[in-house]
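Throughout, read-outs are computed from the coordinates displayed, never taken from laboratory work. Being a predicted model, the structure only gives us computed values, none of them experimental. Because the Cβ atoms are built from the backbone with ideal geometry, glycine has one as well, and the counts that use them run over all protein chains shown.
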């Protein structure tokens with residue numbers, strides 16, 4: 001019962017959120033993503049190649065504790081999940097693209113998390129630790145928490161269009177509140193042993209915020225330079241900029257057994273939903289300026 005929020009409430013909440021977002025999209029939206037895969041390919045490449053480079057760069061240019069540097073890389077190695085999907089939904093982004101990137105990248109992390117974390121341990125701590133994730137458990141979670149709820153939501157939208165559209169506005173208030181309550185439980189109750197002190201928060205927040213902001217900006221810049229549609233640009237910026245702090249805490253505290261590394265994820269997870277929403281809103285507004293104007 002010690003991990004009641006992360007073990008029980010969080011999976012159910014993520015499934016509900018994905019179902020709710022599925023009510024806003026159609027089968028055609030997903031078909032467009034996979035029959036015209038340029039946006040999802042560019043987004044995934046940003047996540048698995050650009051994001052770790054940003055994290056290593058931020059870590060190498062700072063003088064924080066080496067364990068915290070590894071913590072930054074762990075954050076960068078974890079995909080955004082339903083949290084980034086929700087921010088995309090709230091900002092009227094390409095939800096189908098966002099969910100597709102989350103599902104694909106969750107599978108890729110079976111390889112990318114061990115590689116990036118092991119490299120960070122060697123570079124910053126000069127240690128060699130083997131990291132392994134449960135393959136079938138990860139596949140099952142992606143299927144049950146992402147694919148199935150999204151499919152149910154899309155199917156309801158197809159059969160009960162008026163009902164689905166009527167829920168759009170209230171869900172934009174209800175879903176963030178549910179996620180906020182559950183994440184507070186995960187961060188400050190389940191992970192009580194890794195609660196950050198005020199000193200930890202103020203010492204780590206600038207670097208966590210820099211990782212968040214820089215990742216969003218460069219993700220958006222790559223999408224802009226590759227001439228993706230405006231809506232896909234800020235969707236990719238959100239996906240690249242916001243990472244799964246709950247997964248990062250699990251990797252740091254459970255797989256590596258290190259409180260200092262987990263602290264970075266605790267601090268990161270305490271504010272980045274809001275900072276990502278703010279940055280995403282700003283990028284969306286910038287994209288409307290005449291110099292960036294193109295087809296949605």
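Relative to the dominant Cα principal axis of the chain, helix 66-77 is inclined by about 20°. Ordering 90, 53, 263 by the number of other Cβ atoms within 10 Å of each residue's own Cβ, fewest first, gives 53, 90, 263. In this rough spin-label picture, where each label sits 7 Å from Cα along the Cβ direction, the residue 184-residue 61 distance is 3.5 nm.
Taking a ≥ b ≥ c as the square roots of the Cα gyration tensor eigenvalues, with a/c under 1.5 meaning rounded and otherwise prolate when a/b beats b/c, else oblate, which class fits the range 77-193? Cα axes put the range 77-193 in the prolate bin.
Report, in degrees rounded to the nearest 10, the 0 to 90 angle that the Cα long axis of helix 51-60 makes with the longest principal axis of the chain. Helix 51-60 and the main axis of the chain meet at about 30 degrees.
Restricting to DSSP H runs of at least four residues, report the calculated mean residue ellipticity at 222 nm for the chain, -39500 (n - 2.57) per run over all residues, nearest 500 deg cm²/dmol. Intermediate results must be reported in sequence, preceding the final value.
Working: 14 runs with 206 residues, N = 296.
Taking each H run of at least 4 residues, the total per residue is -22500 deg cm²/dmol.
Separation of the range 18-34 from the range 52-127 is 25 Å, based on Cα centroids.
The relative contact order of the chain, computed from alpha carbon pairs under 8 Å that lie at least 6 residues apart in sequence, is 30 percent. Footprinting exposure proxy ranking of 130, 260, fewest other C-beta atoms within 10 angstrom first, gives 130, 260. Highest mean packing comes first when the peptides 153-160, 241-248 are listed by Cβ atoms within 10 Å, giving 241-248, 153-160. Axis of helix 198-225 versus longest Cα principal axis of the chain: the two differ by about 40°, to the nearest ten degrees.
Which of 171, 218, 119, 177 comes first, and how do the rest follow, when ranked by fewest Cβ neighbours within 10 Å? Please report the intermediate quantities before stating the final value.
On the way: 171 22, 218 18, 119 15, 177 9.
Ascending number of Cβ neighbours within 10 Å: 177, 119, 218, 171.
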